[in-house]
Amino acid sequence: MKFPHTITLFNRFEDDGRANYRATIIKGCLHRLNYAYPKSELGLQNGNEAHLWVPLTADTGGKEYISPDKYSRLTEQERALHYTFSPDSDFYALGELELTERDITTADIKELTGVYKIKTAELLDFGSKAMRHWEVTAT
């Protein structure tokens with residue numbers, strides 16, 4: 001699969017008790033938005049959701065995927081070689097942002113527009129190699 005979008009993924013890690021983020025550029029993704037306002041017993045709730053498809057063949061700049069549990073235990077040098085999709089703690093933004101030279105703080109994330117918080121990440125690694133991918137939902 002060849003897709004037209006590039007994202008900047010922000011993986012959270014703890015450093016001296018503070019949340020910081022390491023950025024990874026991933027090229028060859030597909031990003032789509034769903035706009036919806038489903039009804040609930042309490043009234044209208046925002047049902048807007050982003051969907052991201054990341055082929056296992058996407059260009060990650062040489063970084064390898066690692067599980068969120070393992071990522072949380074990496075050293076600074078090891079974080080430079082890996083990425084993960086961790087629901088409820090990681091973010092991504094469309095485009096290649098110029099934030100990959102340093103670790104990013106929560107304040108830096110809040111300054112950005114068009115940032116999506118990852119809710120789920122499902123690995124679909126069956127079928128032909130060209131079809132294997134991650135499906136990520138975000139808000």
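The values are calculated or read from the model by the stated rules, or taken from the named source; none is laboratory data. Because the structure is a prediction, the values reported are computed rather than measured. Ideal geometry is used to build each Cβ from the backbone, glycine not excepted, and the neighbour counts take in all protein chains shown. Keep in mind that these areas ignore ligands, DNA and RNA; they rest on the heavy atoms of the full protein, side chains included. Shrake-Rupley method; radii C 1.70, N 1.55, O 1.52, S 1.80 Å.
Annotations for the structure displayed:
Here's the yes/no breakdown for (1) surrounded by 15 or more Cβ atoms within 10 Å (Cβ to Cβ); (2) in contact with a helix residue (DSSP H, G or I) (Cβ under 7 Å, 6 or more places away or on another chain); (3) among the charged types (D, E, K, R):
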residue	(1), (2), (3)
95	no, no, no
98	no, no, yes
106	no, no, no
110	no, no, yes
115	yes, yes, no
118	yes, no, no
122	no, no, yes
126	no, no, no
129	no, no, yes
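- Qualifying residue in region 56-75 (condition: over 16 Å from residue 21 (Cβ atoms), touching a helix residue (DSSP H, G or I) at 6+ places or on another chain (Cβ under 8 Å), of a type in the set (A, V, I, L, M) and open to solvent by 80 Å² or more (accessible area, probe 1.4 Å)): yes
- Matching residues in region 57-103 - criterion: being more than 20 Å from residue 138 (Cβ to Cβ) and acidic (Asp, Glu): 59, 64, 69, 76, 78, 98, 101, 103
- Taken together, 120, 105, 139, 84 contain a single residue that is more than 18 Å from residue 59 (Cα to Cα), at pLDDT 95 or above and out of contact with any Cys (no Cβ under 8 Å at 6 or more places or on another chain), which is 120.
- Residues in region 83-99 that are more than 8 Å from the chain's Cα centre (by Cα), among the hydroxyl-bearing types (Ser, Thr, Tyr) and part of a strand (DSSP E or B): 83 alone.
- Hey, residue 138 within 22 Å of residue 28 (Cβ to Cβ), open to solvent by less than 20 Å² (accessible area, probe 1.4 Å) and touching a Gly at 6+ places or on another chain (Cβ under 6 Å) or not: no
- Check on residue 86, within 16 Å of residue 8 (Cβ to Cβ) and open to solvent by less than 50 Å² (accessible area, probe 1.4 Å): yes
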